[in-house]
1. Could you tell me which of the residues 59, 33 is more than 16 Å from the chain's Cα centre (by Cα) and more than 30 Å from residue 148 (Cα to Cα)?
2. Is it the case that residue 5 is in a strand (DSSP E or B), touching a helix residue (DSSP H, G or I) at 6+ places or on another chain (Cβ under 7 Å) and surrounded by 15 or more Cβ atoms within 10 Å (Cβ to Cβ)?
3. Residue 152 fails exactly one of the following numbered conditions: (1) in contact (Cβ under 8 Å) with a residue 60 or more places away in the chain; (2) exposed (fewer than 14 other Cβ atoms within 10 Å of the Cβ); (3) closer than 24 Å to residue 120 by Cα. What is the number of that condition?
4. Condition first: without any contact (Cβ under 8 Å) to a residue 60 or more places away in the chain and of a type in the set (Val, Ile, Thr). Now tell me which residues in region 98-114 satisfy that.
5. Here is a list: 109, 133. Which entry is closer than 21 Å to residue 3 by Cβ and modelled with pLDDT of 85 or more?
6. What number of residues within region 8-25 satisfy the criterion of being open to solvent by less than 10 Å² (accessible area, probe 1.4 Å) and either under 22 Å from residue 117 (Cα atoms) or under 18 Å from the mean Cα position of the chain (by Cα) (or both)?
7. Any chance region 156-168 includes a residue that's under 30 Å from residue 1 (Cα atoms), under 20 Å from the mean Cα position of the chain (by Cα) and modelled with pLDDT under 85?
8. I'm trying to understand the selection: among the residues of region 19-40, which are more than 22 Å from residue 59 (Cβ to Cβ) and without any contact (Cβ under 8 Å) to a residue 24 or more places away in the chain?
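The values are calculated or read from the model by the stated rules, or taken from the named source; none is laboratory data. Given the structure is predicted, the values throughout are model-derived calculations rather than measurements. Here Cβ is always computed from backbone atoms with ideal geometry, including for glycine, and neighbour counts include all displayed protein chains. With ligands, DNA and RNA removed, areas are computed over all heavy atoms of the protein, side chains included. Shrake-Rupley method; radii C 1.70, N 1.55, O 1.52, S 1.80 Å.
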Amino acid sequence: MPNILIIEDDTDINNSTAQYLRRHGCQCAQAFSGTEGRMLWKSSGWDLLLVDLMLPGISGSELIYEVRRESRVPVIVLSARSELSDKVELLGLGADDYMTKPYQLEELWARIQVQLRHASAVPEEEELCFREWRLNIGGMVLMAAGEPVELTAHEFKIVELMVRHPKKVFTKQHIYEAVWQEECAIEDKTINVHISNIRAKLRPSGTDGYIQTIWGIGFKLS
C-alpha cells in the first residue's frame, strides 16, 4: 500500500486528491503548508510526495531542495505555473515529474504508478562501475574517486544510463525519453542543464571530464 504525502494549500484540491488516492488503495497524509509538509516528511517514511509550489511557510522549491539533500523519494510537482523555464528549474532541483493545474486525477494516478514502479524496480545490491565511478543503483548513490556525489533522481538516472552503455553516443532526445519515460516534448535546454549540473558536482572529484560532448549529436562517456 503506497504511503503518499500530499503538500497542497488548496483545501479542495488536497482533499479531492487524497480521497481519490485512498479509493485506489493508498495511504495519504495531508499537509497544507510547506512548513507542515517538511515536518511530516521528516517524521515518517514515504513512498512518494506530491508538492505544490506556492505554499505558505517554506515554498515547494525550497522543500524539494531539502528533500533531495537527504532522500531519493519520488517527487511530483503540482503547479499552476506552466512556463518551460519553471519546469526546467524544478526538474533540475530534483523533481521527478511535473503536472500543471488543473489536472485530471486519472492522469495523476497513472504518473504516480510510473514513479512507484521506477522506485521499486531495481534491487538494492546492484552496482555499476566506470573508471573511478561506482553506482549503487538501488540506493541511488554515486561514488566518484571514493567520494559521494549528491545527484538528483534525474541526474543519477542520466549517469546510470550512460554507464550501462559506456561506448554509446546518446542524443539529447534519447536521454530525455529514456530517463523521463515519455516522448521528448521540450527543448534541448533540459538535458544541457542536467549535464552541466552533473559535471559541476563531479568537478571536485576530477571526474567531470568523463562525460564528453559530441557536438551536434549529444553526449558519451570517455
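1. Unique residue meeting the criteria: 33.
2. yes
3. (2)
4. 100
5. Step by step, each of 109, 133 is checked, and only 109 is closer than 21 Å to residue 3 by Cβ and modelled with pLDDT of 85 or more.
6. The total comes to 3.
7. no
8. 19, 22, 23
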